């Protein structure tokens, strides 16, 4: 696992340790996804960011069925992010942490497969 993914996981571990509730976790998760979109959209385009997000939802739904509520057809991704926020806020905090961590990991792996680890690292550094 790379440093960015470890940094995000460390942040979620910190949230778990401080007993952040699912609503707070959902807010932070959506903020992270917004930052990811802002970092990547100028390079790969908003549509590509939305496609990667949707694919991450699809891949993560196998282990976290609660994601089935997130509208895969939502374009732009902000519609899907609103659905993600609601869904995460309705989970218990452990599940909310696990869902978002899995989605971020899947997203990162997809991005690496498309543009490589080095460019992914540079583009996501601000996140």
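Here, each number is a calculation from the coordinates, and none is a lab measurement. Since the structure is predicted, the reported quantities are computational estimates derived from the model, not experimental observations. Note that each Cβ is placed from the backbone with ideal geometry, even for glycine, and that neighbours are counted across all protein chains shown.
Residue separation of residue 112 and residue 23 scaled by 0.36 nm, minus their Cα-Cα distance, works out to 29.1 nm of gained length.
Provide 36, 127, 51 in ascending order of the number of other Cβ atoms located within 10 Å of each residue's Cβ, fewest first. Display every interim value, and only then the final one.
On the way: 36 23, 127 18, 51 15.
Exposure proxy ranking, most exposed first: 51, 127, 36.
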